[in-house]
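This report refers to the structure that appears directly beneath it.
Every number in this text was worked out from the coordinates using simple rules, so none of it is lab data. Since this is a predicted model, take the numbers as computed values, not measurements. Because the Cβ atoms are built from the backbone with ideal geometry, glycine has one as well, and the counts that use them run over all protein chains shown.
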There are 2 protein chains.
Amino acid sequence: MSVLTQIKEAQVSNPVERLMAATAADMERVNALILDRARSHVDMVPELARYLIDSGGKRLRPMLTVAAALLFGRGRGNEINFAAAVEFMHNATLLHDDVVDESDMRRGQRAARMIWGNKASILVGDFLLGQAFMMMVETGDIDALGVLSAASAVMAEGEVFQLAKTGDLTTTQADYSEVIRAKTAVLFEAACEVGAMSGGADAEGRKALAAYGLELGNAFQLVDDALDYGGQSGTLGKNVGDDLREGKMTLPVILALEEAGESERALIASALGNAEATDLEVHQVVAIFNRYDTLNRTLAKAGGHARAAIAALAPLPEGEMKTILMDVVEYSVSRAS
Amino acid sequence: MSVLTQIKEAQVSNPVERLMAATAADMERVNALILDRARSHVDMVPELARYLIDSGGKRLRPMLTVAAALLFGRGRGNEINFAAAVEFMHNATLLHDDVVDESDMRRGQRAARMIWGNKASILVGDFLLGQAFMMMVETGDIDALGVLSAASAVMAEGEVFQLAKTGDLTTTQADYSEVIRAKTAVLFEAACEVGAMSGGADAEGRKALAAYGLELGNAFQLVDDALDYGGQSGTLGKNVGDDLREGKMTLPVILALEEAGESERALIASALGNAEATDLEVHQVVAIFNRYDTLNRTLAKAGGHARAAIAALAPLPEGEMKTILMDVVEYSVSRAS
């Protein structure tokens, strides 16, 4: 087998690559729109926005919007605007999150706030949000606008909830489920739903894609939260234990606290939210997680959401895009193993 | 004359009080909607939002939306949603501005960020913006949504431009005009325009109200920027010289720099953007302003915009609301004298 064939085989077997190939033509239009709408006569706006936008994100959310539209045969072309709007909403959130989390890194490179400062990150985030709404409004689709504007409010609410729960040892599994639903899954849900709407889906199809997106988003965030403790530094552009040092009450911590003895609890509590926690302290906490198998249990929960995502698509007619969307779910869960 | 009559006379002679009286019934609905949409199951959201919303702002922008609708006879009731949305957009901007400007005070009380922190202020601002868009979407008026979403993007762009020009001694009068148009006047313009649209205005009426709002907003910001150096501390909830210490390139500074000699220039430059500048230094800078009459020249420019605002309404039929809107312009300029 030639090297080229091998590469092609590998690409074909990676569902995200297959999703990219299947959406490539439309995503080219989405990317052009993204570049166009990140422009401004104020130099700092496109500089900062493009630094983040071009930083190697997979653009999974807008791809899902486009894929959902293609799944139903494509509608009036609104999916291009919605896809770009979804990516802008996502990037606005990243800019604000990095300020709130005081993150130094994003996608393996310095966070925008480390170069342009917190102030510019806040304001350019606001600009991207405004541009996102302008692109939505241009479609004239008021139902889809309702979906996306509700997502925008819920996302912010979820971020506030997460902030309020920071370092709170009494945070429950239910609290956590609400946080990840609001801060992550709702945008996946909206991205898929407005895609389906643009593709001309009926009520059942729209509901199926919304459920698919929501469950995929939940699975995605659960995997992320497990990877934060198990992934190799650099691979995800994040350092192991960032969530711990930021005091984020993710499922691995919550599950461990439920079973931990007094001394284990004290160890977790002292590292949680301590930006200066040493690698040794992080390792000790991860050792407690391993004792109670909380990383695997977090991934198992991700697996449950993944199955629900796949089940949501079951009623829809078979086809290549449906297969890709199902495979993307499995792939996004498998990245943690 | 009885005391009560005197109070009534005084109320009647203050155009903002007359505007309040003329819009009272609708503003009651707007205020109820504002309270309703500031609710959240996340306690911190309504706590912070209501602290700011209830802090004694005059709600001038939503009153203008309602007044513009009433001026044209009132439409389908959309002005209630738009008015609340405009107030949420304004308050979201205030929350983010206070973080960006590192302000300790807002409307004469501690800024929200001093109580709940910068992080919560950023995220609750995002929440208010999301809720604003939801309220707009509920109207189903896609044209008005276009006006308000464009305003949202331009406002953020204006804030970035202002940030980029912070402490920049080469800032021109044209730069300044662009900053105040974008960060302040565009929201006044949108507030009035969508009000007129809700009231059933024709194209000419809509254009007249948009122009009125834009010019009033420009006048309003110019007066604010003059008052920052001349108002009495406490009256506006701001300390004299805040803009100077934050490095804001407002017209009084720009005009002074155009004429200042070398030593005056050095004095301004050393105080500009210096958070630790003493009251003496601020006074020395204000003395330079007085030497070149830059506060009065700033107010004269405000007067020009005020006249343009009044002229914009000229083509419209006479009536009580038109008179009030014209008088509000004069009043907003006169508050600096």
Unique residue being more than 29 Å from B:A69 (Cα to Cα) and touching a residue at least 12 places away in the same chain (Cβ under 8 Å) when the list is B:N118, B:N218: B:N118
Members of the stretch A:178-220 found to be closer than 21 Å to A:M249 by Cβ and of a type in the set (D, E, K, R), listed by number: A:E178, A:R181, A:K183
Of the numbered conditions (1) within 30 Å of B:N118 (Cβ to Cβ); (2) touching a helix residue (DSSP H, G or I) at 6+ places or on another chain (Cβ under 7 Å); (3) away from chain B (no Cβ under 14 Å); (4) not basic (K, R), A:G158 satisfies every one except a single condition; which is it? (3)
Within the stretch B:25-40, identify whether any single residue is part of a helix (DSSP H, G or I), surrounded by fewer than 24 Cβ atoms within 10 Å (Cβ to Cβ) and facing chain A (nearest Cβ under 10 Å), and answer yes or no. yes
If we take the stretch B:224-331, then helices (runs of 4 or more DSSP H) inside it with 1 or more residues that are touching a helix residue (DSSP H, G or I) at 6+ places or on another chain (Cβ under 6 Å) and among the aromatic types (F, W, Y) are B:279-291
Filtering the stretch A:105-119 down to residues that are away from chain B (no Cβ under 13 Å) and closer than 19 Å to A:L163 by Cβ, which residue is surrounded by the most Cβ atoms within 10 Å (Cβ to Cβ)? A:A111
Which of (1) within 14 Å of chain A (Cβ to nearest Cβ); (2) touching a residue at least 40 places away in the same chain (Cβ under 8 Å); (3) surrounded by fewer than 24 Cβ atoms within 10 Å (Cβ to Cβ) does B:D98 not meet, given it meets every other one? (2)
Do you know which residues across the stretch A:120-149 are more than 22 Å from the chain's Cα centre (by Cα), of a type outside the set (S, T, N, Q) and either more than 7 Å from chain B (Cβ to nearest Cβ) or surrounded by 20 or more Cβ atoms within 10 Å (Cβ to Cβ) (or both)? A:A120, A:M134, A:V137, A:E138, A:D141, A:D143
Among the β-branched types (V, I, T) and more than 22 Å from A:L95 (Cβ to Cβ): does that describe A:V223? yes
